[in-house]
Amino acid sequence: MSGEAEPLIHGNSSGQRNYAHDDAEHEAAQQQLRALRIRTIVWSLLGLLFIVGIVIVLVAPDHYGDYGWPGALPKDPDLAARRLLDMAPVIDGHIDLPAVARYGWRNNVSAIPLDDKMPMHVDIPRLREGRVGGFFWSVYVPCPSASAEGKKFLNATWRVRDTLEQIDVAKGLIMRYPEVRNERLILVFCNVILYQTFQFAVSSADVKDSIFQKKIASLLGVEGGHQLGNSIAVLRQYYDLGVRYVTLTHVCHNAFADSCGSLVMIPPLHLGLSPLGFKLIEEMNRIGMLVDLSHTSDMTAAQAIMHSKAPVMWSHSSARAVYNVARNVPDEVLSMIGTGEGQKDGIIMVNFAPAYVAPEGEADVKRVADHVEYIARVVGKKHVGIGSDFDGIPDTPKNLEDVSKYPNLIAELLRRGWDKYDLAGLTGGNFLRVFAAVEDVAHKLQSEGALPVYDVYEEREDMPLKLGRETL
């Protein structure tokens, strides 16, 4: 045993190996090898970048000349529009995709091929091509017939049920479609990661987060006070389900407000807002629900602007001075919007429906741009946006045939001298400012102790006329 242990403790004079010296030499050799590998990798990457640069210069010299330094837009308006929308994607104020689901597929979410070519104006491939960063899914159901609802809107018409179904189908479609984000694969060692195409959004912060993650922010809007069943309590429940704007009317009057009709103004019922309509706006302000004035009569819009503590919106309306139909906003109402004394902040999101854009057969991207520019001249570029009404209109303007064509409108405005900052406001920044301001008003009102509105429609016959124990 002693003979086996002796070599481990002998010095160099014994002729045995010096293990400490050998280890040092080995470590030095390993360091040299690692340094060589690092140099090899670095030079390989530099060589690859050089080759890529040569390819860009030889194969696509115009690309470099167009894009220039980071932040610059291409000289070509069409290329510039796409580049701008990559940085500031469209947030559309009104798309009727849930109606297509209802009338085309009986709301069967599992059967709707949203990731393929859809029959009208909206599907996932075209949303991506059009650089869409978000939109309001309109959970619209049509006005009931006058005979069905009765003179005082008291008959049951199933509109609240139908609205709940549209909220359900919108949420189902929002959650259904995952997609592969190829640009992230290298960061997860080539493992496939699935990300949602859409992201349900209920706040301005949610919208920004969705866009940052390259998802499509998906908000909900109720298109007409007739969908509230004459009840402010229903408004609160819609808010809890994620709805973030209510259009005060559609093409019919309701218990809250007067409509403008469509092409021709219809006779008023309340001369604007009803008493319950004023209370509705107060509760919308308190909870943070956007007040949407599209479809309303001029008197309704003016009264709502004056009464609301929060900014207002038109989710899909154009300018009456450009094309004179009742559905468009007149100058006297437009002039109430702004940041000056006596004005209210707000946004008019321009509609693409040909019937509201130009005479029959004349609607095209230039005519839509005319509406955008006119509204911008009257109220300022910070108060205009995009509200196409895609999937809710039977035809479309030339060169704005579907959601893939938004870049055409941006290119047209670039040709007219709009700069990238104003265009970024048009495509979504202006709406986000208004949305955030509405949220701020709600937070302020709630922090000050504003109570919920419990007013009941005075024509209801199923509720007592008096309050307290004496009615029991």
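So the values come out like this:
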{"read-out": "5 angstrom amide H check on Ser297, placed H, neighbours 5+ away", "value": "Asp258, Ser259, Cys260"}
{"read-out": "Carbon and sulfur %, accessible surface of the stretch 279-352 computed with the full protein complex present, 1.4 Å", "value": "49"}
{"read-out": "Spatially proximal lysines relative to Lys171 (Cα-Cα < 26 Å; intrachain offsets below 8 disregarded)", "value": "Lys117, Lys208, Lys214, Lys215, Lys405"}
{"read-out": "Spin-label model distance (nm) - Arg416 vs Val251, 7 Å beyond Cα toward Cβ", "value": "2.8"}
{"read-out": "Two-site label geometry, Lys309 and Ala321: point separation in nm, points 7 Å out along Cα→Cβ", "value": "3.3"}
{"read-out": "Estimated inter-spin distance, Ala233 and Lys152, nm [label 7 Å along Cα→Cβ]", "value": "1.9"}
{"read-out": "Tensor-based shape of the stretch 90-142 (alpha-carbon gyration tensor, a/c under 1.5 rounded, otherwise prolate or oblate)", "value": "oblate"}
{"read-out": "Other-chain or far-sequence residues with amide H under 5 Å of Val291's (modelled H)", "value": "Met313"}
{"read-out": "Neighbour cut-off at most 13 other Cβ (10 Å), DSSP loop, trypsin sites (Lys or Arg not before Pro), the stretch 87-132", "value": "Arg106, Lys117"}
{"read-out": "Cα extents of the stretch 311-464 along the three principal axes, largest first (Å)", "value": "57, 38, 30"}
{"read-out": "GluC sites (Glu not before Pro) lying in DSSP loop within the stretch 337-389, provided at most 15 other Cβ fall within 10 Å", "value": "Glu341, Glu360, Glu362"}
{"read-out": "All-pairs Cα distance distribution in the stretch 119-160, expressed in whole percent, bin size 5 Å", "value": "5, 16, 18, 13, 8, 10, 10, 10, 8, 1"}
{"read-out": "Ser145/Met265 FRET efficiency (R0 22 Å; Cβ-Cβ; nearest 0.05)", "value": "0.60"}
{"read-out": "Proximal lysines relative to Lys344, as straight alpha-carbon distance under 20 Å, when same-chain residues fewer than 8 apart are discounted", "value": "Lys279, Lys309, Lys381, Lys382, Lys444"}
{"read-out": "Candidate lysines - alpha carbon under 17 Å from Lys75, same-chain residues fewer than 8 apart omitted", "value": "Lys420"}
{"read-out": "Summed side-chain charge close to Thr247 - residues other than Thr247 whose Cβ falls under 10 Å, Lys, Arg +1, Asp, Glu -1", "value": "-2"}
{"read-out": "Stokes-Einstein translational diffusion, the stretch 370-423 - Kirkwood Rh over all Cα pairs, 0.890 mPa s, 25 °C, in µm²/s", "value": "201"}
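The values are calculated or read from the model by the stated rules, or taken from the named source; none is laboratory data. Computed from a prediction, not measured in an experiment: that's the story for all the values here. Glycine also receives a Cβ, built like all others from the backbone with ideal geometry; neighbour counts cover every protein chain displayed. Remember, those area values only see protein heavy atoms, side chains included, never the ligands or the DNA or RNA. Shrake-Rupley method; radii C 1.70, N 1.55, O 1.52, S 1.80 Å.
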